[in-house]
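Every number here is computed from the coordinates shown, using simple stated rules; none is lab data. Note that the structure is predicted; figures quoted are calculated from it, not measured. Neighbour counts are summed over all protein chains in view; Cβ atoms, including those assigned to glycine, are modelled from backbone coordinates with ideal geometry.
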Amino acid sequence: MNRLDTLRGPVAPLDHNARTIAALAVNPGCDRRALLDAAGVDKQKTAAYVGHPAPFGQSPFAITRAASFDALVKANGCAHLLRLLRETLGLSISEAAYADISDVGGNDSHQMRHTRTRALLKRAAAGGDGSCTLFDHPLLKLTVAGHEVYLEPSIIAFQIEGRFHVVEIKSFAVVDDQADAGQVAAAARQSAVYVHALRELFAAEGLDPERVSHDVVLVCPKDFANHPTATLLDVRQQLAALRRQLSRLTRIDRILEELPADFTFDLETQSPDEVGKAVGSVGARFAPECLSSCEMALFCRAEARGDGSTDLLGRTARDALGGLESIPAVLGLADESRPPSPEQLEIAEQLRYVRRLYTEAIA
Amino acid sequence: MPISKLGTSPPTDERTRALSIASCHRYWKTAGASGIDRLLLGLLIRSPTVELDALERRIAELRAQVRAAKAAADHATVRLLRAELRKTERAWDDALDPEPEPAQAPSLSVREQVHQALTLLGVPTAGKMIVAVNEAFFAGRVTAGQLTSLRRDEEKSFRTSPYARPYYLCAALTSELLSPARGLLAVSTWPAQIRIIGPLSPRTDFLTSAIRIAEHIARLIHAGEDASLAAYRLLTGMAQNIPGAVDGFDRAEPAQVIAAAGAELTIHRESDMHERGQAAKRAEKQLDQVTRLFGAGLKTARTA
């Protein structure tokens with residue numbers, strides 16, 4: 001049993017998915033999230049246990065809708081998808097072979113599925129006999145913060161003339177060739193995670209990672225009907241951002257080194273107070289954006305409020321305050337009730353200036 | 001509400017009936033004509049025991065009258081009374097089974113209905129398609145939920161007494177591992193290679209089932225009756241994903257679908273059949289009679 005298993009306690013680890021990795025990459029400085037995710041801790045449960053349940057999660061209706069659209073696109077041996085790929089990418093009629101890797105002979109263990117994914121993709125890349133065109137439910141592996149995680153993708157990988165694409169099926173509508181910008185951006189961020197993971201897999205197999213295309217096929221319902229349509233989405237920008245963020249992610253080993261050996265988030269043996277203290281002892285970097293992407297956000301916000309932290313004001317304000325950690329300190333420097341240390345002289349002067357402007361304005 | 005219209009029994013033995021009706025009627029009048037009271041009254045008067053009692057008394061009475069008329073050698077009256085006796089006896093029979101089932105198609109079990117749909121399609125098929133075909137061409141009383149445990153039940157039945165039934169609904173096997181393919185149902189009497197799913201098989205099976213459905217609609221048209229709306233909807237939905245099978249969102253024409261699907265099928269068929277044939281031979285050699293039908297999983301090799 002390694003350190004991360006001790007942290008989690010005797011429960012099965014939660015899988016990463018593109019959503020969690022995209023969220024992690026958005027806030028790369030947060031040790032707390034990195035550690036909890038790396039250990040596969042159920043953050044939802046932990047947050048509820050320590051008294052800050054997240055009003056968070058996907059609506060059951062949205063999940064059902066997404067699942068039914070996904071099933072529609074993949075029904076009858078991906079009949080809809082083949083039509084779309086033939087129309088948009090000119091896939092030849094003879095390429096229709098399909099492999100489902102949601103289990104291997106009834107065995108759905110991660111290692112088995114990942115091994116099979118690698119084998120099938122390698123065979124397809126070699127272009128030999130019996131190579132497939134479509135790969136449903138491939139299980140990818142990704143190194144996040146120095147720790148390997150399995151990535152459960154809801155996607156299909158497919159190859160055309162030796163080049164591999166990621167197909168992302170989303171249930172938001174494309175009306176008049178226009179889709180909701182926020183949804184498309186989120187889809188692009190998630191697809192970028194898959195493209196990145198697929199490229200890592202290729203590199204590990206000694207293949208050229210560039211054979212995985214940066215063009216993602218996005219399949220959505222067209223207009224107001226339930227008829228699927230496909231568009232190509234260039235994720236080069238998201239991919240570059242993701243790569244940069246992942247490389248900056250604090251390494252888990254360094255965080256673990258600073259923790260005592262018997263440190264644990266185990267919900268069964270620890271009281272809520274103890275778990276709360278344990279979670280609190282790992283540094284977090286709260287930002288108001290966390291509220292929409294992290295289950296621990298309410299806990300971190302309460303903590304930041306308790307400390308009067310400048311994190312509460314958002315990233316822009318925090319960065320503008322240049323190294324001042326707490327709101328009372330900022331106010332103290334502004335009204336000169338607190339003497340500035342030598343390195344705070346510059347910011348203190350600015351704050352006093354702002355305060356003067358403010359009092360003149362409201363006088 | 002006139003009292004005479006309340007009952008359906010013949011107008012004999014009025015005393016008991018009139019008593020109960022009158023008391024009910026009185027109650028109804030005093031209690032006020034709320035909906036529930038009306039319902040109670042209706043139930044009391046139409047209650048089968050009251051009706052049957054009256055009919056039985058009437059039958060006994062008629063029999064006595066028939067005997068008396070016979071003794072008096074009054075043949076005309078005997079005939080009349082006998083006719084009425086038969087009528088009353090029929091009414092008694094009807095009253096005994098108050099709501100006979102409305103005439104319906106002979107009710108097949110879920111298993112038989114699934115077999116019917118699979119026989120039409122001729123290839124291993126997912127539950128959703130079986131339900132759609134059943135709805136389009138047959139009784140349409142199978143729901144997706146009923147199919148979930150079907151394969152397991154069939155396997156259990158086969159294990160306890162192999163080949164006791166004429167056919168079993170079994171699994172399709174994946175070509176590489178000979179494990180049961182997810183969500184597909186097949187019929188045990190099909191040749192082994194039809195029940196194998198290779199990489200190209202999802203596509204060829206889809207094309208084959210589109211052809212089979214189109215052929216069935218053509219048969220129905222040829223026989224002088226048209227297929228249901230659901231059948232055309234099913235065919236059109238499938239045809240939209242076959243190149244050249246349908247123009248835009250028009251209704252699919254069976255002949256055009258058969259031609260287009262057949263054209264694509266010729267491209268895939270050879271390599272698909274080769275793959276399936278090889279796997280079928282392997283299955284023949286490596287598997288026992290149970291796993292040949294229901295697949296060999298890797299589950300047994302899993303260690304905790």
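Determine, for A:T115, B:T208, the number of other Cβ atoms within 10 Å of each Cβ, and report the residues in order from fewest to most. Show your work: numbers first, answer last.
Working: A:T115 13, B:T208 19.
Fewest-to-most ranking of A:T115, B:T208: A:T115, B:T208.
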How large is the charge dipole for the protein assembly as shown, taken about the Cα centre, if only the Cβ atoms of Lys, Arg (+1) and Asp, Glu (-1) carry charge, to the nearest 20 debye?
1980 debye
Quick one: A:S92, B:S209, B:S201, fewest Cβ neighbours within 10 Å first, how do they rank?
A:S92, B:S209, B:S201
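B:Y232: net charge of surrounding residues, Cβ under 12 Å, Lys/Arg +1, Asp/Glu -1, itself excluded? Provide the component values of the computation, followed by the final result.
Working: positive: B:R233, B:R251; negative: B:D226, B:D250, B:E253.
Net charge around B:Y232: -1.
Using the number of other C-beta atoms within 10 angstrom as an exposure proxy, rank B:Y168, A:Y358 with the fewest first. The partial results should precede the final answer.
Details: B:Y168 23, A:Y358 11.
Ordered from fewest to most neighbouring Cβ atoms within 10 Å, B:Y168, A:Y358 come out as A:Y358, B:Y168.
Could you order peptides B:137-149, A:94-106 by the average number of other Cβ atoms within 10 Å of their residues, highest first?
Per-residue mean Cβ counts within 10 Å order the peptides as A:94-106, B:137-149.
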In angstroms, what radius of gyration and Dmax does chain A have, counting Cα atoms only?
24.1, 82
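Residue by residue through A:102-114, how many Cβ atoms from other chains fall within 10 Å of the Cβ on average?
Numbers: counts 1, 6, 6, 12, 12, 8, 3, 2, 0, 0, 3, 0, 0.
Mean partner-chain Cβ count within 10 Å for A:102-114: 4.
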Residue with peak Gaussian network fluctuation, chain A [Cα springs, cutoff 10 Å], from A:R211, A:R65, A:R352
A:R352
Tell me the Rg and the Dmax, in Å, that the Cα atoms of the protein assembly as shown produce.
36.8, 137
With unit charges on the beta carbon (Lys/Arg positive, Asp/Glu negative), name the residue among A:A329, A:M296, A:A317 whose Cα is farthest towards the positive pole of the charge dipole of the range A:291-336.
A:M296
If you filter the range A:224-283 for GluC sites (Glu not before Pro), then keep DSSP loop positions with at most 15 other Cβ within 10 Å, what is left?
A:E258, A:E268
I need the phi-derived Karplus couplings for the range B:114-130: 6.51 cos²θ - 1.76 cosθ + 1.60, θ = phi - 60°, integer Hz, Gly and Pro marked x.
5, 4, 4, 5, 5, 5, 5, 6, x, 9, x, 9, 6, x, 4, 5, 4
Would you calculate the volume per residue, in Å³, of the smallest convex hull containing every Cα atom of the range A:60-246?
131 Å³
For the range A:138-221, using Cα atoms only, the Rg and Dmax in Å read 13.8, 44
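Within a 10 angstrom radius of each residue's Cβ in B:189-202, how many Cβ atoms of other chains show up on average? Whole number is fine. Intermediate values should be presented prior to the final figure.
Details: counts 0, 0, 0, 0, 0, 0, 0, 0, 3, 4, 12, 9, 4, 13.
Mean number of neighbouring Cβ atoms from other chains: 3.
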Roughly how crowded by other chains is peptide A:70-79, in terms of the mean Cβ count from those chains within 10 Å of each of its Cβ atoms?
5
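Given A:K141/A:K170; A:K45/A:K74; A:K74/A:K222, which pairs have Cα atoms separated by over 24 Å?
Among A:K141/A:K170; A:K45/A:K74; A:K74/A:K222, the Cα-Cα distance tops 24 Å for A:K45/A:K74.
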Report the antiparallel proportion of the DSSP beta bridges in the protein assembly as shown as a percent, rounded to a multiple of 5.
70 percent
Quick one: among A:L35, A:L85, A:L324, which has the greatest mean-square fluctuation in a GNM of chain A with alpha-carbon springs under 10 angstrom?
A:L324
The range A:8-57 and the range B:187-229: distance between their alpha carbon centers, rounded to Å
48 Å
Interchain or long-range residues, amide H under 5 Å from B:T174's placed H:
B:S179, B:A181, B:I197
In order over the range B:148-161: 3J(HN,Hα) from phi, Karplus 6.51/-1.76/1.60, θ = phi - 60°, whole Hz, x for each Gly or Pro, gives 4, 9, 4, 5, 5, 4, 5, 5, 4, 5, 5, 5, 6, 9
Relative to the longest principal axis of the C-alpha atoms of chain A, give the angle of the C-alpha long axis of helix A:236-248, reported between 0 and 90° and rounded to the nearest 10°.
50 degrees
Roughly speaking, what is the centre-to-centre gap between the range A:155-192 and the range A:215-288 when only Cα atoms are used, to the nearest Å?
20 Å
Expressed as an acute angle from 0 to 90° and rounded to the nearest 10, what is the orientation of the C-alpha long axis of helix A:345-362 relative to the principal long axis of chain A?
80 degrees
